[in-house]
Amino acid sequence: MSKKTNAKREAYAKKQEEKGKKVVWTIGAVLLLLAIIYTIFTLTILS
C-alpha cells in the first residue's frame, strides 16, 4: 500500500480509538450516576 493510504488508515484508527474511549467513559459515568440516584431513592423510601 502507499504511504498515503497507510497514513489515512492510521489517522482513522486513532480517531476511532478516541471515540471509543469517550463512549466507554460516558457509559461508565451514566451507570455511576444511575447507581447514585438509585441509592438515594432507596434510602429515601426506607427512611
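The values are calculated or read from the model by the stated rules, or taken from the named source; none is laboratory data. Values in this document were obtained by computation on a predicted structure and should not be read as measured data. Glycine gets a Cβ as well: all are built from the backbone with ideal geometry, and neighbour counts include every protein chain shown. With ligands, DNA and RNA removed, areas are computed over all heavy atoms of the protein, side chains included. Shrake-Rupley method; radii C 1.70, N 1.55, O 1.52, S 1.80 Å.
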Since LYS3 meets every condition but one in (1) under 17 Å from the mean Cα position of the chain (by Cα); (2) open to solvent by 100 Å² or more (accessible area, probe 1.4 Å), which condition does it not meet? (1)
Is there any pair linking a residue in the range 29-43 that is in contact (Cβ under 8 Å) with a residue 60 or more places away in the chain to one that is part of a helix (DSSP H, G or I) and aromatic (Phe, Trp, Tyr), with Cβ under 6 Å and at least six apart or on different chains, and which? none
Given the structure, is LYS8 assigned to a helix (DSSP H, G or I) and exposed (fewer than 10 other Cβ atoms within 10 Å of the Cβ)? no
